[in-house]
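Structure first, then comments.
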Amino acid sequence: MQHTTAPPYPLYLSLANCHCLVAGFGSVGQRKLGGLLACGPASVLVLDLCPPDAEGQCLLRDVRVSFARRACTEEDLSGRFLVFAATGDAGENRRIANLCRMRGILCNSASDPEQGTFHVPAVARHAPLAAALSTSGTSPALARRWKRELELWLAPRAQLAKLLGRLRPLALALPAGKGQNTQLFRKLAASPLQDWLAHNDHESCRRYLLEELPPDLHAHITELLHDLS
């Protein structure tokens, strides 16, 4: 990857049916594996010259993971969608990153992100929301701090996201036109629902939804508001 002042392109990747590889299984490699497994890959090959510690052994119990005590070879990259070069050897990470670049495989180098093709952002999650924050490697400490702040910011907004996520298929199933649904969701997104949900004021939410939702959806209001925390 050439050094450039252009910013990285942000995106969220689906790992469904994808085969990944983690080279190096120390504390960094274990964090990378944990993050991968949370996103549903088909399989992950883990390579390291040393036997895994107790924490690593727990991660390796996942049926999607296979482990081998050896260095990464070019053959290991066959069919891989995403690779983490997370060994403790900067030269080895560079070698793996170079092999991935030649094959067009996404690769993150733990020792020098500029050698790979992507940086790993700090990700704050509060289902169903996720916010990714990157300092482009300039300050991981700040990224960790702001991640914690983002998690607090996301919490009340996640309730509204769940509510609208439940409502969307019900509204789309009605015979109303697409334009009407667009206007409805824009109005709900700009409404006080978020604040009411943050204060557990479901009665105000219920009254508002009775006013704004089509009559055919009124019977669903109770289930829409159920267990949003």
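Lone cysteines in the chain, going by a 4.7 Å Cβ-Cβ cut-off?
Cysteines lacking a close Cβ partner in the chain: Cys18, Cys20, Cys39, Cys50, Cys58, Cys72, Cys205.
Would you mind computing, in nm to one decimal, how far apart the modelled labels at Asp195 and Ala141 are, each placed 7 Å from Cα along Cα→Cβ?
3.8
Report, for the chain, the % of DSSP beta bridges that are antiparallel, rounded to 5.
25
Hey, with R₀ at 45 Å, roughly what FRET efficiency would Leu172 and Arg69 work out to, going by the Cβ-Cβ distance, to 0.05?
Approximately 0.30, to the nearest 0.05.
So which chymotrypsin sites (Phe, Trp or Tyr not before Pro) in region 79-166 pass both tests, a DSSP loop state and at most 11 other Cβ atoms within 10 Å of the Cβ?
Sparse-neighbourhood loop chymotrypsin sites (Phe, Trp or Tyr not before Pro): none present.
Distance between Cα centroids, region 111-180 to region 13-60: provide it in whole Å.
Here the two parts' Cα centres lie 23 Å apart.
Determine the sum of side-chain charges near Leu49: Lys and Arg each +1, Asp and Glu each -1, restricted to other residues whose C-beta is under 11 angstrom from that of Leu49.
Charge balance in the 11 Å sphere: -1.
How much of the calculated P(r) for region 144-225 lies past 17 Å, in percent of all Cα pairs? Mind dumping the intermediate values first?
Numbers: 1582 of 3321 pairs.
Taking all Cα-Cα pairs of region 144-225, the fraction more than 17 Å apart is 48 percent.
Among Asp195, Asp48, rank each residue by its count of other Cβ atoms within 10 Å, from fewest to most, as a rough exposure measure.
Ordered by Cβ neighbours within 10 Å, fewest first: Asp195, Asp48.
Mind checking region 59-138 for trypsin sites (Lys or Arg not before Pro) that DSSP puts in a loop (not H, G, I, E or B) and that have at most 15 other Cβ atoms within 10 Å?
The qualifying sites are Arg61, Arg64, Arg69, Arg70.
In what sequence, highest mean first, do 217-229, 35-47 appear when ranked by Cβ atoms within 10 angstrom?
35-47, 217-229
Set the Förster distance to 35 Å, then compute FRET efficiency between Gln57 and Phe81 from the Cβ-Cβ distance, nearest 0.05.
On the way: r = 25 Å, r/R0 = 0.72.
After rounding to 0.05, the efficiency reads 0.85.
Which value, in debye to the nearest 20, describes the size of the charge dipole of region 129-229 about its Cα centre when Lys and Arg Cβ atoms bear +1, Asp and Glu Cβ atoms bear -1, and nothing else is charged?
Charge dipole of region 129-229: 480 debye, to the nearest 20.
Using a 7 Å offset from the Cα along the Cα-to-Cβ direction at both Trp153 and His226, what is the distance between the two label points in nm, to one decimal?
3.4
Mind checking which of Ser136, Ala71, Asn200 is farthest towards the positive end of the chain's charge dipole, using Cβ charges of +1 (Lys, Arg) and -1 (Asp, Glu) about the Cα centre?
Highest projection toward the positive end goes to Ser136.
Treating the beta-carbon of each Lys and Arg as +1 and of each Asp and Glu as -1, no other charges, what is the dipole magnitude of region 19-120 about its Cα centre, to the nearest 20 debye? If you can, show how the numbers build up before the last one.
Working: 11 positive and 11 negative charges, 43 e Å.
Roughly 200 debye, rounded to the nearest 20.
In nm, what is the difference between 0.36 nm times the number of residues separating Met102 and Ala16 and their Cα-Cα distance?
Additional length available on full extension: 28.6 nm.
Computed from the coordinates by the stated procedures, all read-outs in this text should not be read as laboratory data. Just so you know, these numbers come straight off a predicted model, no measurement behind them. Reconstructed Cβ throughout: ideal geometry from the backbone, glycine too, with neighbour counts over all protein chains shown.
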